[in-house]
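Student: I'd like to ask you about the structure that follows.
The values are calculated or read from the model by the stated rules, or taken from the named source; none is laboratory data. Since the structure is predicted, the reported quantities are computational estimates derived from the model, not experimental observations. Here Cβ is always computed from backbone atoms with ideal geometry, including for glycine, and neighbour counts include all displayed protein chains. When the accessible area is computed, the model is the full protein with side chains, heavy atoms only, and any ligands, DNA or RNA have been set aside. Shrake-Rupley method; radii C 1.70, N 1.55, O 1.52, S 1.80 Å.
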Amino acid sequence: RSTSFASRKELAWVNQLSSWQNSYKSDPEEFLRSLKVDFFKDRIFAVTPRGEVIDLPVGATPVDFAYQIHSDVGNECTGAKVNGRIVPLENELHSGDVVEILTQKNKKPSASWLDFVKTSHARHYIKSRVRNNNLLKKKKV
């Protein structure tokens, strides 16, 4: 049986949340409003067409969204629809956006995506794939 421990940062977050909740006991709606403003000010919550919520940093793009779903979805991303409209891959997402990722088998990520992605997760997979593609090209020459 394994035991997991919360980090100091997580404990501080829980303590602060508890403290705020206590101070808003008489007005739970105000508590939720302040929570949204203070805790989630640097986060957005985009939604898949199936209704799954994806937590991303402010400024995230459809490429960041795609990699949060799965590395294969990110690697094979060719385009995106946001709220039913086709948008550029560098388009900034907003909370509540419904994002559909368009993919194509055997598509490879572009190094230019590194100029606009916001998540280290997406950056890691893009760099890895671009590096591997460059190695394969060198071997063919």
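Student: 5 Å is the cut-off here: which amide hydrogens, built 1.01 Å from N in the peptide plane, fall below it relative to Leu102, excluding neighbours closer than 5 in sequence?
Tutor: Thr78, Gly79, Ala80, Lys81
Student: Please give, to one decimal in nm, the separation of the simple spin-label points placed at Val98 and Val73, each 7 Å out from Cα toward the Cβ.
Tutor: Spacing of the two 7 Å Cα→Cβ label points: 1.5 nm.
Student: Which cross-chain or sequence-distant (5 or more) residues have an amide H under 5 Å from the amide H of Val58, H modelled 1.01 Å from N in plane?
Tutor: Arg43, Ile44
Student: Quick one: 3J(HN,Hα) in Hz for the range 58-70, Karplus 6.51/-1.76/1.60 with θ = phi - 60°, rounded, Gly and Pro as x.
Tutor: Computed from phi, the couplings for the range 58-70 are 4, x, 5, 10, x, 5, 4, 4, 4, 5, 5, 6, 5 Hz.
Student: Oh, and also: Any idea of Glu52's accessible area? Nearest 10 Å², probe 1.4 Å.
Tutor: Per-residue accessible area (Glu52): approximately 100 Å².
Student: How high is the relative contact order of the range 70-130? Use alpha-carbon pairs under 8 Å, at least six apart in sequence, and give a whole percent.
Tutor: Worked out over the range 70-130, it gives 37 percent.
Student: Show me the ranking of peptides 117-124, 84-91 by mean Cβ neighbours inside 10 Å, starting with the highest.
Tutor: Answer by packing, highest mean first, reads 117-124, 84-91.
Student: Spin-label point model (7 Å from Cα, Cβ direction): what's the Asp42 to Ala111 distance in nm?
Tutor: Between Asp42 and Ala111, the simple spin-label model gives 3.0 nm.
Student: Also, I was wondering about something else. Step through the residues of the range 104-118 one at a time and calculate ³J(HN,Hα) from phi using the Karplus curve (6.51 cos²θ - 1.76 cosθ + 1.60, θ = phi - 60°), rounding each to whole Hz and writing x for Gly and Pro.
Tutor: Along the range 104-118, the couplings run 9, 4, 6, 6, 10, x, 9, 4, 5, 4, 4, 6, 10, 5, 10 Hz.
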